[in-house]
Amino acid sequence: DAGVTQSPTHLIKTRGQQVTLRCSPKSGHDTVSWYQQALGQGPQFIFQYYEEEERQRGNFPDRFSGHQFPNYSSELNVNALLLGDSALYLCASSFWEGTDGYTFGSGTRLTVV
Amino acid sequence: KQEVTQIPAALSVPEGENLVLNCSFTDSAIYNLQWFRQDPGKGLTSLLLIQSSQREQTSGRLNASLDKSSGRSTLYIAASQPGDSATYLCAVNSGYSTLTFGKGTMLLVSP
């Protein structure tokens, strides 16, 4: 049973560019959440998608946007990259609101130079 | 707004010791609490999930307890091994589709 799959694993972008990160949820899960983790910090919630709609959003600017596809996979897009966007981006999947817990992927390390 | 605090921030112990990691949260209205392990630069691996109606959960050498009324959870690791070295994160699910994380406890177990 495949867990959560994220791609790519590492990415280097230039300030001002745009980036797309991808996530495939664990089999049986219908909800995808995205988190940003800066070095030495706990993950911070970006947003959650359910039934192809953004259900909840954290305190992130609208440069951060997402999408969920009919097969429950998801994309995170970040426009106009800033140096401060450099972080580990984690995708988590769950059934509904995570009453049975969340499963996380291995993350995408984004470096903005 | 839910806030989660983990103490200590870092811990170094010799192999074989039993240890306790602490997690406290400010709002006791939670669905569940989840403990994760994170190796450097890697994703999160779920260790234990405790529902709000439960007092503890066990998996092998790990035991997690939950006292919802006092806003506390502990993760007990028995007979620690060098392979247990990692950062341990506590995450609270208060509904609203989000997990709130602490900053983690960085554990180093020396041979």
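Remarks
- Looking only at residues of segment B:24-45 that are in contact with a strand residue (DSSP E or B) (Cβ under 6 Å, 6 or more places away or on another chain) and facing chain A (nearest Cβ under 9 Å), we find that the one that is farthest from residue A:39 (Cα to Cα) is B:31.
- Conditions (1) touching a helix residue (DSSP H, G or I) at 6+ places or on another chain (Cβ under 7 Å); (2) open to solvent by less than 50 Å² (accessible area, probe 1.4 Å); number of the one not met by residue B:15: (2)
- Single residue of segment B:18-37 satisfying the filter (among the aromatic types (Phe, Trp, Tyr) and at pLDDT 95 or above) that is surrounded by the fewest Cβ atoms within 10 Å (Cβ to Cβ): B:25
- Among the candidates A:56, A:37, A:68, residue that is of a type in the set (S, T, N, Q) and at pLDDT below 95: A:56
- Filter result (closer than 16 Å to residue B:21 by Cβ and surrounded by 21 or more Cβ atoms within 10 Å (Cβ to Cβ)) within segment B:38-47: B:38, B:44
- Within segment B:71-111, considering residues that are without any contact (Cβ under 8 Å) to a residue 40 or more places away in the chain and away from chain A (no Cβ under 14 Å), the one farthest from residue A:43 (Cα to Cα): B:83
- Out of B:98, B:58, B:26, one residue alone is of a type in the set (Val, Ile, Thr) and over 28 Å from residue A:88 (Cα atoms). It is B:58.
- Those residues of segment B:102-111 which are within 17 Å of the chain's Cα centre (by Cα) and open to solvent by 20 Å² or more (accessible area, probe 1.4 Å), in sequence order: B:103, B:106, B:108
- Extreme residue, farthest from residue A:18 (Cα to Cα), among residues of segment A:79-94 that are at pLDDT 95 or above and within 12 Å of chain B (Cβ to nearest Cβ): A:93
- Members of segment A:95-113 that are more than 9 Å from chain B (Cβ to nearest Cβ) and among the hydroxyl-bearing types (Ser, Thr, Tyr): A:108, A:111
- Residues that are under 16 Å from residue B:19 (Cβ atoms) and not hydroxyl-bearing (Ser, Thr, Tyr) were ranked within segment B:49-64; the one that is least open to solvent (accessible area, probe 1.4 Å) is B:64.
- Enumerated strands (runs of 3 or more DSSP E) restricted to chain A, each holding at least 2 residues that are open to solvent by 70 Å² or more (accessible area, probe 1.4 Å): A:10-13, A:53-57
The values are calculated or read from the model by the stated rules, or taken from the named source; none is laboratory data. This structure is a prediction, so every number in the text was calculated from the model and none was measured. For neighbour counting, all protein chains shown are included, and Cβ atoms are generated from backbone atoms with ideal geometry for every residue, glycine included. To get the accessible areas, we keep the full protein, side chains included, count just its heavy atoms, and leave off ligands, DNA and RNA. Shrake-Rupley method; radii C 1.70, N 1.55, O 1.52, S 1.80 Å.
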